[in-house]
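S.K.: Quick one: this structure, given as structure tokens, is what I'll be asking you about.
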Ligand code: TRP
Ligand code: SF4
């Protein structure tokens, strides 16, 4: 049987270059060899955004457009929206019956997020149960591998524990899913920290060429290189880190040499990295433009994906309820 890949993304805004290089390109590669189920986790988005839901539908659609523009192929992969397949909620409920609360309370991302987002009322039942919903997402499709970033490992471990508990309590119907850790390149944002929506330092797939160039101009560099004639140290410069993710070996090599001797200045160096990013994003922009003029196509992709995912999900729920004798 083919290996099944399952993964989801929360629709929390426009996708950025870090998402593209870290996750999306990997999703695209995997679909050539495996049966892939990729979904937009809009219920998960509610766990932290339940007070203001005004953007969720818009972000869901934008994310689907970004996915298609970046090369996810609805013929090869099943692309869908979590809330359109209500069996996710059914399995979430059933799994919640066998999941001890202490397993959830000791989840490191739970405590961490609760501290970080203090004052946003994250003492909800749904937020605590976030990993159970994630387990349901994966098990519903009997996923073998789950491409995720390292931050998701605790959630994956919980999924595996819940899987083992289900299999031993009732019937071994689920494979134990494994994380497929992608080598996530460190993509710095314009302020030098990790590129992240919450830091407001991103280059988005929906940016224009002019926006990309303007953002690059503001990017921080080696702080010790003040004047054009100062020699720089690329090893401490976020622009160089970015080059390593997006530029050709020849350009990386050139910057690495010419920065140290002050042959190249920061303005030119940044322009080179903007060129590389723009070359990377141009085909995505072209696809995006086409998709924006074909709203029906986006709707069709969603309908087809929902149908395909729903068929598998219904089958699994039948097996689950049989195993549980309810
Ligand atoms: N929790 C994941 C994230 O924040 C998103 C997600 C939801 C997910 N359900 C999933 C990822 C199932 C993999 C599999 O990135
Ligand atoms: Fe950074 Fe490039 Fe300037 Fe060197 S030349 S300090 S690598 S921006």
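S.K.: Would you kindly state how much longer the chain becomes between residue 176 and residue 289 on full extension, computed as 0.36 nm times their sequence separation minus their alpha carbon distance, in nm to one decimal?
M.R.: 36.6 nm
S.K.: Related question: Given points 7 Å out from each Cα along the Cα-Cβ axis, report the residue 25 to residue 303 separation in nanometres with one decimal.
M.R.: For residue 25 paired with residue 303, the spin-label model returns 3.5 nm.
S.K.: Still on this structure, please answer the following. Any idea how far the Cα center of region 6-81 sits from the one of region 287-321, in Å?
M.R.: Between the Cα centre of region 6-81 and that of region 287-321, the gap is 12 Å.
S.K.: Give the angle, between 0 and 90 degrees and rounded to the nearest 10, that separates the Cα long axis of helix 153-169 from the longest principal axis of the Cα atoms of the chain.
M.R.: Roughly 20 degrees between the two axes.
S.K.: Okay, next question. How many angstrom lie between the Cα centre of region 154-198 and the Cα centre of region 217-246?
M.R.: With region 154-198 and region 217-246 each reduced to a Cα centre, they are spaced 34 Å.
S.K.: Nearest 10 degrees, 0 to 90: what angle lies between the long axis of helix 87-96 and the longest principal axis of the chain (Cα atoms)?
M.R.: 70
S.K.: Sticking with this one: Gap in Å between the Cα centre of region 255-271 and the Cα centre of region 88-114?
M.R.: The distance from the Cα centre of region 88-114 to that of region 255-271 comes to 50 Å.
S.K.: With springs connecting C-alpha atoms under 10 Å apart, model the chain as a Gaussian network and identify which of 248, 196, 47 has the largest mean-square fluctuation.
M.R.: Per the Cα network of the chain with a 10 Å cutoff, 248 tops the list.
S.K.: Sticking with the crude label model, points 7 Å out along Cα→Cβ, report the distance from residue 314 to residue 183 in nm, one decimal please.
M.R.: Between residue 314 and residue 183, the simple spin-label model gives 4.4 nm.
S.K.: Return one number: the angle in degrees, 0 to 90 and rounded to the nearest 10, between the long axis of the Cα atoms of helix 295-324 and the longest principal axis of the Cα atoms of the chain.
M.R.: 40
S.K.: Here is a further query. For residue 76 and residue 164 in the same chain, what is the full-extension length gain: residue separation times 0.36 nm, less their Cα-Cα distance, in nm?
M.R.: Result for the pair: 28.7 nm of gain on full extension.
S.K.: Another question about this same structure. If r is the Cβ-Cβ distance from residue 321 to residue 124 and R0 is 35 Å, what FRET efficiency results, to the nearest 0.05?
M.R.: So, using R0 = 35 Å, E works out to roughly 0.80.
S.K.: Sorted by packing (mean other beta-carbon atoms within 10 Å per residue), highest first, where do 307-320, 142-155 land?
M.R.: 142-155, 307-320
S.K.: Sort the chain into rounded, prolate or oblate with this rule: let a ≥ b ≥ c be the square roots of the eigenvalues of the Cα gyration tensor; rounded if a/c is under 1.5, and if a/c is not under 1.5, prolate when a/b is larger than b/c, oblate otherwise.
M.R.: Note, shape of the chain comes out prolate.
S.K.: From the square roots a ≥ b ≥ c of the eigenvalues of the alpha-carbon gyration tensor of region 207-288, which class results: rounded (a/c under 1.5), prolate (a/b over b/c), or oblate?
M.R.: Taking the square roots of the gyration eigenvalues as a ≥ b ≥ c, region 207-288 is prolate.
S.K.: With a ≥ b ≥ c taken as the square roots of the eigenvalues of the C-alpha gyration tensor of region 49-168, please select rounded if a/c is under 1.5 and otherwise prolate if a/b is larger than b/c or oblate if it is not?
M.R.: Since a/c reaches 1.5 but b/c is at least a/b, the shape of region 49-168 is classed as oblate.
Computed from the coordinates by the stated procedures, all read-outs in this text should not be read as laboratory data. It should be emphasised that the depicted structure is a prediction, and the values quoted were computed from it without experimental measurement. We place every Cβ from the backbone using ideal geometry, glycine too, and count neighbours over all the protein chains shown.
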